[in-house]
Amino acid sequence: MRTLARRLAKGALFLFSLTGIPYLFYGLLYYVVGPEGSPANKQDAEPTVSIVLPTYNEERIIENKLDDIYALDYPMEKVEIVIVDSSDDSTRDIIRDWFERRDAPTLNLIEEDERRGLAPALNDAYTAAKNEMVVKTDCDSKIASDALRVAAANLADPHVSAVTGRNADVLGGSGVEEGYRGIQATIQTLESHLDSTLIFHGPFSAFENDEIVPIDPDSIADDTELALLIRRNGKRVVFDPDIRYKEASHSAFSKRRTQKDRRAMGLIRLLAQHRDALGRYGMYGSVVLPFNWWFMLVSPWLLASGIALTTLVGLLVAGPFGLVVPVALGAFTFFGSRDRLGSLQPLYALFDTQVSLFSAAVKLLRGEGSAIWEVDEELRDQYE
Ligand SMILES: Nc1nc2c(ncn2[C@@H]2O[C@H](COP(=O)(O)OP(=O)(O)O)[C@@H](O)[C@H]2O)c(=O)[nH]1
Ligand SMILES: [Mg+2]
């Protein structure tokens, strides 16, 4: 029994160490590269802008969103707003009223008879967008007033064709989300300096219109997919921490699962679909994509197996007292999801993400992953 327990313990230790190797490697790279800000050679620019805004039943918050866009530090005569709407509430009437009261920006409203999902809606909106820089933003987000200018400055670099930004303020004060976003911003800054980053964020993603191509209508990682396709076509796609937005998030474990698991499913599926990109496109395919493969597809399974083995060892060695491992993990989750872990909070945020990635993989294996989802009404309280 003891020998078996010792072997299993060694196995668990091996799995945990193996999981950590790529993270140590990224840490070392960060130290060597010392990335700061965006890697783009930024220049002042004021291109014409199409703001793409998809809406599904956003009557509670659409007016505030339009007011926020109107307040951006940018000449509104140079802006058109392309709204693709699939609502069956009063969102459309509110939109029309709002634009009737103003000369600029102009409105291009695409009215869908029925909800088809976000990706096909976005494909239509991108086709309709006619200005030089196309900025996609979600209704449930607030963009910093200088965001369009900073994005335009990035795209003025001839090598860069897409740029995304940072969730600088998590509305609702979720410590779990803040912890995760901090780590993610560090990783995405490094990736951008190496070549390009993978993840593009729904609240703010800017693209050069000429580089936009259609995305898979079943995609649930729409912004990231477009960026990935642009990188595959040869241009860099980067993260600039100076582009700031605010987005609401939950900390509570069960509330987080719905949105995070769906987003995780989208990313896993996208990576799998584009597995042929591994090893190609310079550092993007040889470092950035493999790291994201590890983080999203491999390490959740290694961690889950390591935890299962450790629990088994505990049971073999200490009988029922061996349950201390799952109980400790439960306590970690209990306090972490209530933002009460102090300096350990970022570690919990990573754990929470790994839980989502694991459960997303299981859901995908079960054939789930619909491109139509229930919009989170509670999160919208933050934008009223
Ligand atoms: N046109 C259209 N917009 C959608 C659809 N589903 C979601 N949206 C919009 O897409 C944006 C992001 O949706 P959201 O539910 O907040 O996604 P999440 O932030 O990933 O949870 C919001 O502006 C929604 O109103 C859809 O099926 N059609
Ligand atoms: Mg949202």
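Cα centroid distance between the range 137-179 and the range 252-294, in Å?
Cα centroid to Cα centroid, the span is 20 Å.
Give me the number: length gained by fully extending SER17 to ASP218, i.e. 0.36 nm times residue separation minus the C-alpha to C-alpha distance, one decimal in nm.
The span from SER17 to ASP218 would gain 68.7 nm if fully extended.
Against the globular-protein guess of 2.2 N^0.38 Å, express the Cα radius of gyration of the range 158-262 as a ratio, rounded to two decimals.
Cα-based Rg divided by the globular estimate yields 1.11.
May I ask for the angle, rounded to the nearest 10°, between helix 345-365 and the longest principal axis of the chain, with both axes built from Cα atoms and the value confined to 0 to 90°?
That works out to roughly 80 degrees.
Using alpha-carbon positions, what is the distance between the centroids of the range 16-37 and the range 99-124, in Å?
Each part's Cα centre sits 42 Å from the other's.
Grab the DSSP H runs of the chain that are 4 residues or longer, score each as -39,500 (n - 2.57), total them, divide by all residues and round the 222 nm result to the nearest 500 deg cm²/dmol.
-15500 deg cm²/dmol
Which order, highest average first, do 99-106, 226-233 follow once you tally other Cβ atoms within 10 Å for each residue and take the mean per peptide?
226-233, 99-106
What is the distance in Å between the Cα centres of the range 58-93 and the range 317-384?
Taking the Cα centre of each part, the range 58-93 and the range 317-384 sit 33 Å apart.
How large is log10 I(q)/I(0) at q = 0.07, 0.10, 0.14 Å⁻¹ when the Debye formula is applied to the Cα atoms of the chain, each weighted equally and without solvent?
-0.34, -0.67, -1.25
Starting with the highest mean, order 166-177, 371-382, 277-288 by the number of other Cβ atoms within 10 Å, averaged over the residues of each peptide.
166-177, 277-288, 371-382
So what's the angle, to the nearest 10 degrees on a 0 to 90 scale, between helix 175-194 and the longest Cα principal axis of the chain?
The answer is roughly 80 degrees.
So how much slack lies between LEU329 and THR48, counting 0.36 nm per residue of separation and subtracting their Cα-Cα distance, in nm?
Taking 0.36 nm per residue and subtracting the Cα distance, the gain is 96.0 nm.
Would you mind estimating how fast the range 230-286 diffuses translationally, via Stokes-Einstein at 4 °C and 1.567 mPa s with the Kirkwood radius over Cα pairs, in µm²/s?
Once the numbers are plugged in, D ends up at 91 µm²/s.
Do you know the relative contact order of the chain, to the nearest whole percent, from alpha carbon pairs under 8 angstrom that are 6+ apart?
22 percent
Among bridges DSSP assigns within the chain, what percent are antiparallel (round to 5)?
30 percent
Working only with C-alpha atoms, what are the Rg and Dmax values of the range 110-149, expressed in angstrom?
12.3, 35
Compute the distribution of all C-alpha to C-alpha distances in the range 232-375, in bins of 10 Å from 0, and list the percent of pairs in each, rounded to whole numbers.
Distribution as computed: 10, 29, 36, 19, 6, 1 percent.
Give me the angle, in degrees from 0 to 90, between the Cα long axis of helix 324-336 and the longest principal axis of the Cα atoms of the chain, rounded to the nearest 10.
Taking Cα atoms only, the helix is inclined about 20 degrees.
Coordinate-derived values only; no laboratory data. The structure displayed is predicted, hence computed values, not measured ones. Note that we place each Cβ from the backbone using ideal geometry, even for glycine, and neighbour counts take in every protein chain shown.
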